[in-house]
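Please treat every number below as a calculation from the coordinates, not as lab data. Treat the numbers as computed from the prediction; the structure is a model and nothing was measured. Cβ coordinates were reconstructed from backbone atoms using ideal geometry, including for glycine residues, and neighbour counts include every protein chain displayed.
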Amino acid sequence: MTQRTTEQNAATLSSTGGRPLRRRPQKVGLVISNKMDKTIVVAVERLKMHPLYKKTYRQTKHFYAHDENNICQIGDIVRIEECRPLSKLKRWRLIEVIKRGSGVVPVEQVLGQEITSELERVQQGAGQVALGGQREQQAEEGAE
C-alpha cells in the first residue's frame, strides 16, 4: 500500500513540475451582476462573531469572477475558485452553476430608486390635496 501511494505521489509531483498538488480555495455565492463581458460579480455571505460582544453577524463580500461562456444570470447560485490574476479585479474563475435563478430583475433595481421616490412624492401630494379640500370646506362652513 505504501508503494502505491509513493507511486501516486511521484506521478503527481512529476505532472505538476515537482510541486505538490495544492487545492485552491472555493466559495459559493449569489450572482448580483453580469453586465460585463465574461465577468460576473458574486456576493459571498459569511457569518462572523464579534470579538467583544460575541454576537454573530453577516458579512457580505463581492468577488469578480471570470465567466468564459457568459452563462450566468442574476440570481444564480455559483461556485467560484481562486486563480491567477486575470485583470485588475478578477482573481476568481467560475467552476459551476449550482442553482439557476429566475433571471428576472426586480423593477426597483432596474429603474433605481426613482420609482419609489416618485410614488412617495405622489402619495404626499395626494394627501395634501385631500387635506386642502377639507380645509376649503371647513373655511366655507365657517364663513356661513
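What to note about this one:
- Footprinting exposure proxy for 60, 39 (fewest neighbouring C-beta atoms within 10 Å first): 60, 39
- Three-way shape call for region 22-103 based on the alpha-carbon gyration tensor, with the a/c threshold at 1.5: prolate
- Summary value for region 22-103: 30 percent relative contact order, contacts being C-alpha pairs under 8 angstrom separated by 6+ residues.
- The HN-Hα couplings worked out from phi for region 94-100 by the Karplus form 6.51 cos²θ - 1.76 cosθ + 1.60 (θ = phi - 60°) are 5, 9, 7, 9, 6, 9, 6 Hz, whole numbers, x standing for Gly and Pro.
- Between residue 73 and residue 46, the FRET efficiency from the beta-carbon distance, with R0 = 25 Å, is close to 0.60.
- Taking the fewest neighbouring Cβ atoms within 10 Å as the starting point, the ordered list for 83, 72 is 83, 72.
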